[in-house]
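Written out below as structure tokens is the structure these notes cover.
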Amino acid sequence: GPREEIIYVPCIYRNTGKNNPDFLATVDVDPKSPSYSQVIHRLPMPNVGDELHHSGWNVCSSCHGDPGRKRNRLVLPSLISSRIYVVDVGTEPRAPRLFKVVNPEDVFWKCGLGYPHTSHCLGSGEVMISTLGDPAGNGKGGFILLDSETFEIKGTWEKGDEIPPMGYDFWYQPRHNVLISTEWGVPKCLGYGFDPNDLKKGRYGRRLNVWDWSSHRYIQAIDVGEDSAPLEIRFLHDPDASEGFVGCTISSAIHRFYKTPNGDWAAEKVIQVPSKKVEGWLLPEMPGFITDILISLDDRFLYFSNWIHGDVRQYDISDTRHPKLVGQVFVGGSISKGGSVRVCEDPELLSQPEPFVIQGKKVPGGPQMIQLSLDGKRLYVTTSLYSAWDRQFYPDLIREGAVMLQLDVDTEQGGLSVNREFLVDFGKEPGGPCLAHEMRYPGGDCTSDIWV
């Protein structure tokens, strides 16, 4: 596909002290443009307190070959209000407009679900959205189905009596008759921030949940460890591949999941980010907090962000069982020199990293959501995780707003470096500092598109 020229970014005001609606920002990422690395359009939502989070398309590569389908609607579930916004990005891609609002009452009554998270389109002409829980905030791993033309709720995708205790992200692969979903935590506990007292009480996820794609039934749970909180899950892009990776936040581990010779599924830990012994932080040991992962479109590199430690990593996954670290860069985090945290013992670093400053701005927060260009040469990074956790872990992020960065990628030998010419400072927004989250290109990307 062509080089990306604009990126859509949900921007959040919830928990910032400002009574503004969240909005969808359009960011110019064309270096030839006079408005390069600037927000060129803002589409405010009609309600306050939604917590926009992730997004997905009405059409993606799973619909390849159908000339009647157009990728012209961006689906924006609201993590807290349970509203689902549908945005028209086809009429004027640089100035999106609101197309439809799916009310939370419809989600609650028609599906018995709430707290919608990940949206993927299906080859069937439907849009599927995973959820974290039920309308009352208890954990429940279900899926909402929308018609991809009218965006009316059609009901739930899952069938049968057995449902996972929690939900979060998912990926499907019809050639292997499988969908695998993940678990973050119980919504009514997550809403107030991260409480260490919730650990060891079953309030954070520990399973990969395996579904039979054709029957829509829950068939297997893969345990990746107590309080591991497996979040983003990615199959390899090759639709014949029967393996992929999942990032576990609290345990700060990457697990490879795969199909066994028996036809069921299993997982093995292939990367462990060691915790650092610290003083002046919430706990005596600080995990990396892996919050986003992605796989390059050629299935050669795995990238992930350590939101608390502050680094973005690149691994060569030519041998999927033995990933090799080939790139790393620190762009914020909680362990930089001069801060309130003192690192007492570090298995990886000889000294604490320098504070990250770009264009004269010391960046608050740490690297969180990541998105890779189609050619694999540019990695975009935003710094907000979730407003309640932002407020807790990075108070400066609430006061100063998130940023969007761009890293240059060495696609030959591996390696990451910061593009010092690119900075989107969401602290300078007209409505005041806001929190920027997931990124999407109009033409699709390596975390939205599934090949079947």
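The values are calculated or read from the model by the stated rules, or taken from the named source; none is laboratory data. Source: prediction; values computed, not measured. Neighbour counts are summed over all protein chains in view; Cβ atoms, including those assigned to glycine, are modelled from backbone coordinates with ideal geometry. The area values use the complete protein model at the heavy-atom level, side chains included, leaving out ligands, DNA and RNA. Shrake-Rupley method; radii C 1.70, N 1.55, O 1.52, S 1.80 Å.
Relative to the current alpha-carbon distance between K18 and S214, full extension at 0.36 nm per residue lengthens the span by 66.0 nm.
Relative contact order of the chain, please, whole-number percent, based on alpha carbon pairs below 8 angstrom and at least 6 residues apart. List each step's numbers first, then the result.
Details: 1281 pairs, mean separation 56.5, N = 452.
For the chain, the relative contact order is 12 percent.
Here, region 1-133 is characterised by an Rg to Rh ratio of 0.99, where Rg is the alpha-carbon radius of gyration and Rh the Kirkwood radius. Between D319 and E354, residue separation times 0.36 nm minus the direct Cα-Cα distance comes to 9.3 nm. For a straight C-alpha distance cut-off of 12 angstrom, the aspartates and glutamates reachable from K188 (same-chain residues fewer than eight places away being disregarded) are D134, D198. Of the residues I40, I219, I398, ranked by 1.4 Å probe accessible area with the largest first, the sequence reads I219, I40, I398. Averaged per residue, the chain has 36 square angstrom of accessible surface, using a 1.4 angstrom probe with ligands and nucleic acids left out. Over every Cα atom in the chain, the radius of gyration and the widest Cα-Cα span, Dmax, amount to 20.2, 60 Å.
Residue pairs exceeding 21 angstrom between C-alpha atoms, taken from K32/K362; K337/K361; K70/K377; K276/K362: K32/K362; K70/K377; K276/K362.
Roll a 1.4 angstrom probe over the protein heavy atoms and tell me the percent of accessible area of the chain that is carbon or sulfur.
46 percent
Given a Förster distance of 51 angstrom, what is the FRET efficiency for D410 paired with K154, based on the Cβ-Cβ distance and rounded to 0.05?
Efficiency at R0 = 51 Å is approximately 0.65.
Here r is the Cβ-Cβ distance between S33 and E226 and R0 is 45 Å; the resulting FRET efficiency, rounded to 0.05, is 0.40. Size descriptors for region 270-381 (Cα atoms only): Rg and Dmax, in that order, 14.5, 42 Å. Basic side chains Lys and Arg get +1 at the Cβ, acidic Asp and Glu get -1 at the Cβ, and with that the dipole of the chain about its Cα centre reaches some 640 debye. For region 325-452, the ratio of Cα radius of gyration to the globular rule of thumb 2.2 N^0.38 Å stands at 1.13. In plain terms, the chain from W109 to N262 could stretch by 51.1 nm, reckoned as 0.36 nm per residue minus the Cα-Cα distance.
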